[in-house]
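The block underneath contains the structure these notes are about, expressed in structure tokens.
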Amino acid sequence: MTGTPAENRAASAGSSDELAWPEDAIEVGRILDAWGVKGWIKVQAYSSDAQALFSSRRWFLQPPEESKPLMAKPKTALPQLLKILAVRDHGEGIVAGVQGVNDRNGAEALRGARIFISRSAFPSADPNEYYWVDLIGLNVVNRQGETLGEVVGLIDTGPHSVLRIVPPGLTAPVKPDQERLIPFVAAFVDDVDLEQRLITVDWGLDY
């Protein structure tokens, strides 16, 4: 063993930290299948703008049937962490090369795995742009200070996104006709304050 004991302990700790499940892990996609014969994988991104997958080189995995992060001794052979060597667009999807996966069989063994990335690894959003995950859970008020509810999700309509808001007194999930739907555009959204977890809109209670 090389290095001083202190150095070796530090190296061991770094390896443990690298494998630790991030507290801010966000599910961003899943592995569809193998791609080619050299161990590459085909990936489905959950967002039309998949910059998080391109920016991070550490993808954490869960099997499809699991609802909790893999523990130190998982029951499945699925690795908890993939180290990504390369990512690129391919047609309407994404393909990636993975360290230690060198053939089609190894890539096929990852099929169906859910991909999670630390929120802190996401690239910075442009001014006046926001990640959906940062908007979910924010309270929404109008210009009169009336509370419209809480953002529980968004709808991608193509030209713009639409906030799905559950009114006060109700708990998600609710029926579609109980939700408030507000286009996430400048014409209706006055301000987004992530620090205060508040969105101010030009929208009446009776709309």
Scanning segment 122-142 for residues that are more than 18 Å from R30 (Cβ to Cβ), touching a strand residue (DSSP E or B) at 6+ places or on another chain (Cβ under 7 Å) and in contact (Cβ under 8 Å) with a residue 40 or more places away in the chain, which turns out surrounded by the most Cβ atoms within 10 Å (Cβ to Cβ)? V140
Search segment 173-202 for residues that are touching a residue at least 24 places away in the same chain (Cβ under 8 Å) and within 16 Å of G145 (Cβ to Cβ) and pair each with any residue that is in a loop (DSSP other than H, G, I, E, B) and among the aromatic types (F, W, Y) when their beta-carbon atoms are under 6 Å apart and the residues are at least 6 apart or on different chains. V201/F188; D202/F188
Residue list for segment 77-94, filter: in a strand (DSSP E or B) and of a type in the set (D, E, K, R): K83, R88, D89
Taking segment 21-32, which residues are of a type outside the set (A, V, I, L, M), touching a helix residue (DSSP H, G or I) at 6+ places or on another chain (Cβ under 7 Å) and surrounded by 15 or more Cβ atoms within 10 Å (Cβ to Cβ)? G29
In segment 148-160, is there at least one residue being within 30 Å of Q80 (Cα to Cα), of a type in the set (A, V, I, L, M, F, W, C) and either at pLDDT below 95 or not in a loop (DSSP other than H, G, I, E, B) (or both)? yes
Could you list, in sequence order, all residues of segment 155-168 that are surrounded by fewer than 17 Cβ atoms within 10 Å (Cβ to Cβ) and either in contact (Cβ under 8 Å) with a residue 40 or more places away in the chain or closer than 17 Å to L198 by Cβ (or both)? D156, P167, P168
Filter segment 169-190 for residues that are loosely packed, with under 11 Cβ neighbours inside 10 Å and over 11 Å from V152 (Cα atoms) and give the result. G169, K175, P176, D177, A186, A187
For segment 33-62, enumerate the residues that are in a loop (DSSP other than H, G, I, E, B) and surrounded by fewer than 16 Cβ atoms within 10 Å (Cβ to Cβ). G36, V37, K38, Y46, S47, S48, D49, R57
The lone condition E92 fails out of (1) over 25 Å from P22 (Cβ atoms); (2) among the acidic types (D, E); (3) crowded, with 17+ Cβ neighbours inside 10 Å is (3)
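The values are calculated or read from the model by the stated rules, or taken from the named source; none is laboratory data. What you are looking at is a predicted structure, and each value in this text was computed from that prediction instead of being measured. Heads up, the Cβs are rebuilt from the backbone with ideal geometry, glycines too, and the neighbour counts pull from every protein chain shown.
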